[in-house]
1. Within the bounds of the stretch B:308-320, is there any residue that is buried (at least 17 other Cβ atoms within 10 Å of the Cβ) and at positive phi?
2. Exactly one of these conditions fails for A:Phe162: (1) outside any helix (DSSP H, G or I); (2) in contact with a helix residue (DSSP H, G or I) (Cβ under 7 Å, 6 or more places away or on another chain). Give me its number.
3. Every residue in the stretch B:391-430 that is in a strand (DSSP E or B), under 30 Å from B:Asn359 (Cβ atoms) and away from the ligand (no atom under 16 Å from the Cβ), please.
4. Quickly run through the stretch B:112-149 and pick out the residues that are more than 21 Å from B:Glu81 (Cβ to Cβ) and modelled with pLDDT under 95.
5. Could you check, for the stretch B:104-113, whether at least one of its residues is out of contact with any Lys or Arg (no Cβ under 8 Å at 6 or more places or on another chain) and within 13 Å of the ligand (Cβ to nearest atom)?
6. I need the full set of residues from the stretch A:211-238 which are within 14 Å of chain B (Cβ to nearest Cβ) and touching a Pro at 6+ places or on another chain (Cβ under 9 Å), in order please.
7. Given the conditions (1) within 10 Å of the ligand (Cβ to nearest atom); (2) within 14 Å of chain A (Cβ to nearest Cβ); (3) not hydrophobic (A, V, I, L, M, F, W, C), report the number of the one that B:Ser163 does not fulfil.
Amino acid sequence: MLANERIHATDTLAEADRLMTVCNSCRYCEGLCAVFPAMEMRRSFADGDLNYLANLCHGCGACYHDCQFSPPHEFDVNVPRTLAVARADSYRAFAWPRAFAPLFDRNGLAVSLIAALGVAGFILAFAAWHDRDVLFGTHLDAGAFYALMPHNAMALLFGGVFLYAMVAVGMGLRAFWNDIGEPAATLVAPKPLWQAINDAGRLRYLDGGGVGCMNESDKPDDNRRFYHHCTFYGFMLCFAATCVATLYHYLLGREAPYPIYDLPVLLGTAGGVGLLIGPAGLLAAKLRRERILVDEARLGMDVAFLVMLFLTSLTGLTLLAFRESAAMGLLLAVHLGVVFALFFTMPYGKFVHGLYRFAALVRYAREMARHGDDAAA
Amino acid sequence: MAARENGAESGPRGPYDVLVIGGGNAALCAAISASRDGARVLVLEAAPRFYRGGNTRHTRNMRCAHDTATEILTGPYTEDEFFDDLLRVTGGQTDEELARHMIHESKDMLNWIVEQGVRFQPSLGGTLSLGRTNSFFLGGGRSMLNELYRTAEGLGVEVAYDSEVVALDIDDGTFRAATVRRGDALVRIEARALVAAAGGFEANIDWLKEGWGEVAENFLIRGTPYNRGTVLKMLMAAGVETIGDPTQCHAVAIDARAPKFDGGIITRLDCVVFGIVVNNRCERFYDEGEDIWPKRYAIWGRLVAAQPDQIAYIIFDARSLELFMPSLFPPISGASIAELAGKLGLDAEKLTATVEGFNAAVQPGTFDDKTLDDCRTVGLSPPKTHWARRIETAPFYAYPVRPGITFTYLATRIDREARMRMADGRPARNMFAAGEIMAGNVLGRGYAAGIGMTIGSVFGRIAGREAASNARQ
Ligand SMILES: Cc1cc2nc3c(=O)[nH]c(=O)nc-3n(C[C@H](O)[C@H](O)[C@H](O)COP(=O)(O)OP(=O)(O)OC[C@H]3O[C@@H](n4cnc5c(N)ncnc54)[C@H](O)[C@@H]3O)c2cc1C
């Protein structure tokens, strides 16, 4: 039952094409999310179209349980899993530089190794640079952290790796955007951008068309959206904390650590709590997810990113709790090591899903507006 | 509960107030309504859990009367208009009292079914012509069913899958018990009232042959393989009155490459109006442009069934390729009509002659697929009265089609309370019917899109209520 004999880059894309041909002949799921209306605007599916649709899919699972043709039916329609595989394939295909693409192959292992190296590196460096009494001393004043690592060195190292991550992710995004064949101008058109910010910010399409995710069974719930909000907004709060602290440092000349009632600590703590609850909840949901929906081969990638976020928060909060003790030096090294690894692996892990999906949502908003104009004309 | 759903270890244990046979829309509406009226209800579904709700799994919408536009319906659809539509499609072969009763009750169905958890959306892409009359299920029929099952189970309705009813104990219009096959075991289950909602007999090729003859061998069954009409046959044997003609059914022309059973909606083809349709002798046999497609699609199953070997070919050219909803299988194509004929196994000379004859008869006109346009043939028999354009732009395309049977109409006779009537004219004491199994009361022939679900929901709700009340007596 090969509906299409077009040539595709991978078997997964060929399967995605077959499924979209089935779905486009049915269309019962068009009210569930963005994928199916986007599909309906097309009659045939090139690789770029399929990569776009795959990244538009939030994996809520509703279309699997609503489908009269899902397995064991002979049509064997499993859209969530097929698109999940295609999605993860696309992360690898668009990785920059190309030489690092294999990091996606055994991503869990790669990320763990890089994280371990990061932590070990900081501990060794701290130990090499400092006497025992500095490393295991108690530092109470402003600038206490910089007793262990000069601020400028820290800023340079982390600014550098962050910049690198942003460039690498940006290059990936560029490749994705070219592949799906959308003009660059769409990414800066205010209306689609605003729509996408809204849709992404609310995770509008992670709700099975209104009832919630069908993750563990055909019984919907809204847990994944809740935990994802904790994670995303937790991450943003932590990011905000870092930005405020940077401003404090350079504009006000105030050095970390800050008092616990001060803005960077408040933001960081709130964000940190989100980054504990969120990733833990998402991880639990991932492990309980019906196996038939899961891209088993990429489980490591999903888990690695969640664990890294969780560890970033855990080590940060631990540092906060014990920053006035003799353990501070070691805790700082561990935290910095984890954060460094998080940044460095961002372009080579699950982090990129957010950007590609956001870009896909921008394009979707643009397409829908255009489609609406056509229909009205 | 879980064990009950899955296997035969801990089967259902009576006594029940209401036994519902079937697991589709009609059955679940009956079970929910009986349960809401306080009855202890058991649902027996022959299919495994995944295939529960036979044909309902494949549906997308239902037709209900409403006096004003709603969020999802673009305008009012009055009871009178609904009835007029029904009269027209059935050619008057409907029980007017029952039909008007159903249409009246359909109004409240839009509320009631939503209260049971079913969600609606505006009409699907490519089906705009139904936006005023039909409410579409968000996520389709299986999603709708999932909600009904969740609601029913929440109310305490027991559901047993893999549980085919193989015998009924009926004594002089009084139901006593059903025999169920569960694994290797036969189990007798007693109940105070029965709701039969086990569908038609469309998947029973032997029974279809009784009416149609050998040609039924070539029919494709669009929906569930589980609707074999066994319950209908047992009821007939127990003296229940029937209504309707066993050859009447909803039949459309679907892609001949579709599986024998359960291919569902995606094998349908909406391109007849854009081309010509020939049989395997390369002869046209009906006006392809008689009326807009939503009003004509349901006659093509019977038309193709009347052709030699029950097969036909829709032939069109490149200009029409993207004018209709995509379908599962790609069209067969050829650079010339002769090449296309070769791929279809048709006589190339004959097909070329038929196409040329058609092309020569096409009159100039302004093509418009949204209206009954003026593109027609002259001097051709049968004529093509609208959308006739020359088939001349390569590549040329074809879809092979066969009759696709949706569901049969032969029915148990019922009254306003959905109570079965016995052949001697007396009402059955405690037996009710809903859905396909009684569709023939309303549908003597013909079809109006979305009415299958209306019949199931409305009479299901009534049957459940009446069965519960009956069980209390
Ligand atoms: C492809 C397709 C699309 C359709 N689209 C629409 C649409 O959009 N709108 C519309 O109104 N109608 C549509 N129909 C028609 C519609 O499906 C039916 O009219 C409606 O679902 C009938 O509901 P029901 O509950 O009577 O039967 P079903 O939903 O078929 O349920 C009957 C059940 O009885 C069970 N059963 C049978 N025999 C036994 C037994 N001996 N013991 C126990 N259980 C048994 C079967 O397993 C089955 O689950 C469509 C049909 C098809 C095939």
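The values are calculated or read from the model by the stated rules, or taken from the named source; none is laboratory data. Everything numeric in this text was worked out from a predicted model, so none of it was measured. All Cβ positions, glycine included, derive from the backbone under ideal geometry; neighbour counts span all protein chains shown.
1. Checked the stretch B:308-320: at least one residue is buried (at least 17 other Cβ atoms within 10 Å of the Cβ) and at positive phi.
2. (1)
3. B:Phe396, B:Tyr397, B:Ala398, B:Tyr399, B:Pro400
4. B:Gln121, B:Leu124, B:Gly125, B:Gly126
5. yes
6. Result: A:Val211, A:Gly212, A:Cys213, A:Met214.
7. Condition not satisfied by B:Ser163: (2).
Condition check ((1) surrounded by 21 or more Cβ atoms within 10 Å (Cβ to Cβ); (2) of a type in the set (Phe, Trp, Tyr); (3) touching a Pro at 6+ places or on another chain (Cβ under 8 Å); (4) modelled with pLDDT of 95 or more) across all residues:
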position: A:Leu342; (1), (2), (3), (4): yes, no, no, yes
position: A:Thr345; (1), (2), (3), (4): yes, no, no, yes
position: A:Tyr348; (1), (2), (3), (4): yes, yes, no, yes
position: A:Phe351; (1), (2), (3), (4): no, yes, no, yes
position: A:Phe358; (1), (2), (3), (4): no, yes, no, yes
position: A:Leu361; (1), (2), (3), (4): yes, no, no, yes
position: A:Arg370; (1), (2), (3), (4): no, no, no, no
position: A:Ala375; (1), (2), (3), (4): no, no, no, no
